[in-house]
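The values are calculated or read from the model by the stated rules, or taken from the named source; none is laboratory data. All of these numbers come straight from a predicted model, not from anything done at the bench. With ideal geometry, Cβ positions are generated from the backbone for all residues, glycine too; neighbour counts draw on all protein chains shown. Calculation scope for accessible area: heavy atoms of the full protein, side chains included, ligands and nucleic acids excluded. Shrake-Rupley method; radii C 1.70, N 1.55, O 1.52, S 1.80 Å.
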Amino acid sequence: MSEDGSWDWVWKLALGCLVGWAILKMLWRWLSTTVWHWLTADVGHWFSTDVWDWITGHVVWSALLGLPVVAITVVVVRSRFSMGGYVYIDGGEDFDDEEEFEALTFQMWELEAASPTGFERACADLLLRDGFDLERHSGGAGDLGADVIARDRDGRKVVVQCKRYAKPVGNEEVQRFNGTARPEHGADLPVMVGLNGFTGPARKFAYRHRITLVDREALREWAQGRHLYDVLDDDLAAA
């Protein structure tokens, strides 16, 4: 199982391919010996006997030849379903299905598959789901550390920086965010989201300077439906 409590989608895809291949195999054998026998006798024999016998007799080579097909399928599936169809659009909060949006969740593999911009948009959408009012979603060069700016229901300004790093976010990145979150953006609650958590020194610095960190475990709970403030410590959420 994945850390989200569901079977990993890659294994689902592999199992689906295996079942699909078995079904096609049986269907082809049936067709090649009944209705289409007079048309497909030679082709059916070649495919269902010669090719199949070669595959079963050369398992390693078959696996190697099949890897490119699997890799392409994985890329297509991830690019199609990676962000669940939700995209934050600056200046608007109109969604076709409000109830569905209020139930928005992400699996961790979806967040891992997202681009840096897609990861920022996912965080913005989760804030919207939790009842925050988005003021800006900029991201990219020139944002001065503010990927998302929002206000909670009490009017507090929340400035969020999203780090989709393959490794824990280091102390240097947290220091840079601290240098702009309050002085530049006037944050009441500076929040830093790290897909793969934070280093020990980064955590210590954030604690001293009242920077709220959303590590991988907190992100998983947030993405799975809990309100952002519910997954944070009470003292940090009330900062």
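Conditions tested, residue by residue: (1) surrounded by fewer than 19 Cβ atoms within 10 Å (Cβ to Cβ); (2) without any contact (Cβ under 8 Å) to a residue 40 or more places away in the chain.
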| position | (1), (2) |
| --- | --- |
| Gly145 | no, no |
| Val159 | no, yes |
| Ala166 | yes, yes |
| Ala181 | no, yes |
| Ala206 | no, yes |
| Leu219 | no, no |
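Have a look at Thr199, Thr212 and point out the one that is farther than 23 Å from Asp230 by Cβ and of a type in the set (Val, Ile, Thr).
Numbers: Thr212 fails: farther than 23 Å from Asp230 by Cβ.
Selected residue: Thr199, the only one of Thr199, Thr212 that is farther than 23 Å from Asp230 by Cβ and of a type in the set (Val, Ile, Thr).
State all residues of region 188-224 that are assigned to a strand (DSSP E or B) and among the small types (Gly, Ala, Ser); if no residue qualifies, say none.
Taking region 188-224 and keeping what is assigned to a strand (DSSP E or B), we get 189-194, 198, 212-214.
The answer is Gly194, and nothing else.
Just give me the residues in region 168-179 being over 25 Å from the mean Cα position of the chain (by Cα) and open to solvent by less than 40 Å² (accessible area, probe 1.4 Å), in sequence order. Quick ask: steps written out before the conclusion?
Start the filter on region 168-179 by keeping residues that are over 25 Å from the mean Cα position of the chain (by Cα), which leaves 172, 175-176, 178-179.
Within region 168-179, just Asn178 meets the criteria.
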